[in-house]
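Student: The following block contains the structure, expressed as structure tokens.
The values are calculated or read from the model by the stated rules, or taken from the named source; none is laboratory data. Keep in mind it's a predicted model, so treat the numbers as computed, not measured. For neighbour counting, all protein chains shown are included, and Cβ atoms are generated from backbone atoms with ideal geometry for every residue, glycine included. Side chains included, ligands, DNA and RNA excluded: accessible areas come from the protein's heavy atoms. Shrake-Rupley method; radii C 1.70, N 1.55, O 1.52, S 1.80 Å.
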Amino acid sequence: MDRATFACSTAFFRDFGNSSPGALPGGHVDFIDKADSFTYSDFFRDYLIPNHPCIFSAKFTEDWGSRKNWVTWDGKPNFEHLLQKFGEAVVPVANCDVKEYNSNPKEQLPFKEYVEYWREYIRNGYRSSRGCLYLKDWHLSRAFPEQDVYTTPVYFSSDWLNEYWDAVAVDDFRFVYMGPKGSWTPFHADVFRSYSWSANICGRKRWLLYPAGQEEFLKDRHGNLPFDVTAPDLRDKRIYPRYSQSQPPLEILQEAGEIVFIPSGWHHQVYNLEDTISINHNWVNGCNVAVMWCFLQDELAAVQREISQWKDPMDDWHLQCQLIMKSCTGIDYKEFYNFLKVIAENRISILEKGLDEESSSQNNSKAAISTLGMLHAVFDLKRTVKVLSSLSANEDFRKLDLTSLSPSPEALLQHLESAIDTALL
């Protein structure tokens with residue numbers, strides 16, 4: 001991060017707080033053609049901070065192993081190569097033809113069985129009695145770390161979600177998707193209202209994007225979002241009374257090799273127009289960690305409303321609300337504190353001690369922090385202080401037993417503020 005971008009980010013969050021403009025003038029989505037003339041600071045300033053989508057050309061992925069080896073000469077999935085590398089894996093597969101609680105039901109299948117299904121599906125004119133099956137949310141990088149699949153572009157390297165979950169060795173938010181023509185993902189926003197990037201290894205996708213806040217006009221009279229945003233029912237004012245106030249979605253046609261950047265909190269629906277393989281990451285950083293914190297507060301409030309009748313008779317009602325929220329979202333307030341702590345301590349370590357030679361040569365989060373520079377680390381710490389201050393003052397957080405947190409929120413805040421002051425001397 002250069003000094004001009006640091007100044008721009010500081011001014012933006014001073015003037016706009018935690019919010020960022022979502023709508024685009026004229027509904028235009030920028031296409032980034034050349035990697036050698038587009039810097040990290042360009043992306044940070046023009047897309048991350050204002051929370052705007054963009055498309056990266058296939059030039060940004062042309063050196064990836066998956067682009068070279070997973071695709072046949074005519075642009076189709078290379079099933080033989082994929083079976084050779086991953087045939088014995090077990091993968092999550094969704095049925096696109098079945099709706100279950102506003103999503104598609106999933107099952108675990110051997111990868112070789114899924115490929116056999118896919119080939120048969122193609123031979124039968126993209127029809128099957130089993131429905132349209134879509135391999136989704138496969139943690140391939142975690143299962144096969146030795147494989148040369150892709151390299152995360154520098155633009156997406158400030159990735160707090162995967163930095164934290166790698167550190168605790170529990171989960172990650174790096175996925176592979178593979179599906180036949182006609183497979184699709186219903187209307188949704190990404191986990192924790194995170195950013196996402198999606199790279200097509202082969203095939204084509206159609207994206208329907210709604211800027212953050214537009215989803216409010218798409219809710220039915222009970223406050224529920226649609227499963228399929230293209231369904232005719234949305235035009236029925238008795239069911240969707242505010243639909244006529246919504247803007248038309250931004251539409252993106254994503255070609256093979258291209259990367260789509262999806263802004264934080266934007267709802268979207270996605271179709272595979274051909275047999276398609278894609279790589280997807282969800283990620284949070286200093287630009288949208290406050291959005292994640294707002295999302296968690298909204299989720300807890302929804303849980304509290306749902307079980308409000310048990311507040312008086314239940315001694316540990318506040319703790320139960322946290323447990324329910326974690327079961328629904330994957331995180332509670334105390335883990336969110338630990339998330340902020342890990343992110344902050346990694347940056348303090350780089351600022352105070354620098355990066356040793358062994359770490360700098362590795363492809364890990366600390367190397368990424370160092371590559372992005374001191375000013376980026378300071379920006380991250382400033383954003384962490386802002387959210388941690390809000391968390392520490394939050395009434396529901398203060399009702400929890402915080403004695404197990406080390407250091408205490410107050411001590412951590414003091415350390416962060418001191419590290420920022422020292423770095424800016």
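Student: Report in % the part of the accessible area of the chain that belongs to carbon and sulfur, leaving out ligands and nucleic acids; probe 1.4 Å. Intermediate results must be reported in sequence, preceding the final value.
Tutor: Values: 9560 of 19730 Å².
Answer for the chain is 48 percent, counting heavy atoms of protein chains only.
Student: Keeping all protein chains in position, work out how much accessible area residue 422 exposes to a 1.4 Å probe, and write it in Å² to the nearest 10.
Tutor: Taking all protein chains as shown, residue 422 has close to 90 Å².
Student: Can you list the cysteines of the chain that have no other Cys Cβ under 4.7 Å away?
Tutor: 8, 54, 202, 287, 294, 321, 328
Student: Also, quick follow-up: Work through the residues other than residue 322 whose Cβ is under 9 Å from its Cβ and net out their charges, Lys, Arg +1 and Asp, Glu -1. Before the final figure, lay out each step's value.
Tutor: Working: positive: 326, 334; negative: 332, 396.
Taking every Cβ under 9 Å from that of residue 322, the sum is 0.
Student: Continuing with the same structure: For the chain, what proportion of DSSP beta bridges, expressed in % and rounded to the nearest 5, is antiparallel? Write down the numbers at each step before the final one.
Tutor: Numbers: 46 of 49 bridges.
Around 95 percent antiparallel, to the nearest 5.
Student: Let me ask something additional. Give me the percent of Cα-Cα pairs in segment 36-108 that sit more than 18 Å apart, rounded to a whole number.
Tutor: 67
Student: Then there is this: For the chain, calculate the relative contact order in percent as a whole number, restricting contacts to Cα pairs under 8 Å that are 6 or more residues apart.
Tutor: Working: 672 pairs, mean separation 72.8, N = 425.
Answer for the chain is 17 percent.
Student: Near the amide H of residue 109, under 5 Å away, which other amide H atoms are found, from residues 5 or more places off or on another chain, if H is placed in the peptide plane?
Tutor: Here 91, 93 satisfy the definition.
Student: Here's a follow-up. With unit charges on the beta carbons (Lys and Arg positive, Asp and Glu negative) and the dipole taken about the Cα centre of the chain, which residue among 139, 50, 381 sits farthest to the positive side?
Tutor: 50
Student: Would you compute, from DSSP H runs of 4+ residues alone, the mean residue ellipticity of the chain at 222 nm, taking -39500 (n - 2.57) per run and dividing by the full residue count, rounded to the nearest 500?
Tutor: On the way: 15 runs with 160 residues, N = 425.
About -11500 deg cm²/dmol.
Student: Which log10 I(q)/I(0) values, to two decimals, does the chain give at q = 0.09, 0.13 Å⁻¹ under the Debye formula with one point per Cα?
Tutor: -0.61, -1.29
Student: Here's a follow-up. Excluding same-chain residues fewer than 8 positions from residue 334, which lysines have a Cα within less than 18 Å of its Cα?
Tutor: Of all the lysines, those that pass the test against residue 334 - Cα under 18 Å, at least 8 places apart if same chain - are 326, 386, 399.
Student: Which order do 14, 174, 142 take when ranked by solvent-accessible area (1.4 Å probe, heavy atoms of all protein chains), largest first? Could you put the intermediate results ahead of the total?
Tutor: Values: 14 165, 174 50, 142 120 Å².
Most to least solvent-accessible, the answer reads 14, 142, 174.
Student: Right, something else. Once amide H atoms are placed 1.01 Å from N in the peptide plane, what residues at a sequence separation of 5 or more from residue 201, or on another chain, have their amide H within under 5 Å of its amide H?
Tutor: Answer set, sorted by chain and number: 257, 277, 278, 279.
Student: Roughly how many Å² is the accessible area per residue of the chain, as a whole number, for a 1.4 Å probe? Kindly include the intermediate steps, with their values, before the conclusion.
Tutor: Values: 19730 Å² over 425 residues.
Per residue, the chain has an accessible area of 46 Å².
Student: Taking only Cα atoms and a 10 Å spring cutoff, compute GNM fluctuations for the chain and point out the largest among 11, 212, 368.
Tutor: 11
Student: In debye, nearest 20, what is the charge dipole magnitude of the chain about its Cα centre with +1 on Lys and Arg Cβ and -1 on Asp and Glu Cβ, if you could check? Please report the intermediate quantities before stating the final value.
Tutor: On the way: 43 positive and 58 negative charges, 210 e Å.
Approximately 1000 debye in magnitude.
Student: Related question: May I have the count of lysine pairs in segment 23-139 with C-alpha atoms under 22 Å apart, counting pairs 8 or more residues apart or located on different chains?
Tutor: Step by step, the pairs that qualify in segment 23-139 add up to 16.
Student: Given the C-alpha centroids of segment 37-70 and segment 277-316, what is the distance between them in whole angstrom?
Tutor: 29
Student: So what's the gap between the Cα centers of segment 406-425 and segment 197-216, to the nearest angstrom?
Tutor: 38
Student: Kindly write out, for segment 103-111 in residue order, the coupling ³J(HN,Hα) from the Karplus curve 6.51 cos²θ - 1.76 cosθ + 1.60 (θ = phi - 60°), rounded to whole Hz, with x marking Gly and Pro.
Tutor: 8, 9, x, 10, 9, 9, 10, x, 4
Student: Ok, one more. Grab the beta carbon distance between residue 123 and residue 42, set R0 = 35 Å, and tell me the FRET efficiency rounded to 0.05. Could you put the intermediate results ahead of the total?
Tutor: Working: r = 46 Å, r/R0 = 1.31.
The calculated FRET efficiency here is 0.15.
Student: Along the positive direction of the dipole of segment 288-424 (beta-carbon charges: Lys, Arg +1; Asp, Glu -1; about the Cα centre), which of 370, 337, 416 reaches farthest?
Tutor: 370
Student: Would you mind checking the radius of gyration and Dmax of segment 288-424 based on alpha-carbon positions, in Å?
Tutor: 17.4, 58
Student: Normalise the Debye intensity by I(0) for segment 67-107, one equal point scatterer per Cα, no solvent, then take log10 at q = 0.33, 0.34, 0.35 Å⁻¹ and round to two decimals.
Tutor: Treating every Cα as an identical point scatterer, log10 I(q)/I(0) equals -1.02, -1.05, -1.09.
Student: Whole Å is fine, so just give me how far the alpha carbon centre of segment 114-142 lies from that of segment 331-350.
Tutor: When both Cα centres are located, 39 Å separates them.
Student: Applying a 10 Å radius around every beta-carbon, put 258-265, 41-48, 56-63, 153-160 in order of their mean neighbour count, most first. Display every interim value, and only then the final one.
Tutor: Values: 258-265: 23.8, 41-48: 19.1, 56-63: 16.6, 153-160: 21.4.
Highest-to-lowest ranking by the protection proxy: 258-265, 153-160, 41-48, 56-63.
Student: Under the Karplus relation 6.51 cos²θ - 1.76 cosθ + 1.60, θ = phi - 60°, what is the ordered set of whole-Hz ³J(HN,Hα) values for segment 269-274, x standing for Gly and Pro?
Tutor: 9, 9, 10, 8, 7, 9
Student: Treating each Cα of segment 239-330 as an identical point scatterer and ignoring solvent, apply the Debye formula and state log10 I(q)/I(0) at q = 0.22 Å⁻¹.
Tutor: Result of the Debye calculation: -1.14.
Student: In square angstrom, rounded to the nearest 10, how much accessible surface does residue 85 have for a 1.4 Å probe?
Tutor: 80
Student: Per residue and in Å³, how big is the convex hull formed by the alpha-carbon atoms of segment 1-123? Don't skip to the answer; put the middle values down first.
Tutor: On the way: hull volume 26.6 nm³, N = 123.
Looking at segment 1-123, the number lands at 216 Å³ per residue.
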